[in-house]
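Each value in this text was obtained by applying a stated rule to the coordinates, not by laboratory testing. These numbers were taken from a predicted model, which means no experiment stands behind them. Here Cβ is always computed from backbone atoms with ideal geometry, including for glycine, and neighbour counts include all displayed protein chains.
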Amino acid sequence: MNSPRNIKCPYCRKDVASTAETCPHCHMRIAQFTSSRRFRPSNHAPPASPPVPGLAIIFRFLAVLEIIGGLVLCSELWPGEPRPEYQWKTEAYIPALTWLMAGLISGCLFLAIAKALIYLSQISNSLAHAVRDYNSRHESPAASPLPEELPPPSLQLTPEDLK
């Protein structure tokens, strides 16, 4: 568990030394515990959850359509009650069950793609936040600007270079 010298990072929830200014795991700036044993961010609030990407919403909608379509096609293709002296063979159920499974599988695939897009969006936002935080901590006004044009490298070889 937590030792008296360790606290949990409010961002990644891993153990961090209480004297650390940034979390060694997620590299986010952390604050000390307050008297109420809650974190108080030192210079900014924790990042809000990013909005769901538009493409993920579209994939979720397609997933619902696929599942509903599979159920509808299954019910339409389901063989009705046979005449009293007959019994349906197993082959009579195959088209209905095929459409049901196709709808369920493709619906689950669309849901998985939507979830992957949400995860990628969260990773992108987290990285952008970390880069902004890193850049804001490592800015130095005395840094010299980079030259606008670098001279082309010399491509001439001398005999001494070949030795």
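Residues Trp88, Trp78 in ascending order of nearby Cβ atoms (within 10 Å, fewest first): Trp88, Trp78. State log₁₀ I(q)/I(0) for segment 60-135 at q = 0.19, 0.20, 0.21 Å⁻¹ as given by the Debye formula over alpha-carbon point scatterers of equal weight, solvent excluded. Values, matching the q order: -0.80, -0.84, -0.87. Considering amide H positions built from the backbone, and no H for Pro or chain starts, which residues 5 or more places from Asn6, or on another chain, come under 5 Å of its amide H? Under 5 Å from the amide H of Asn6: Ser18.
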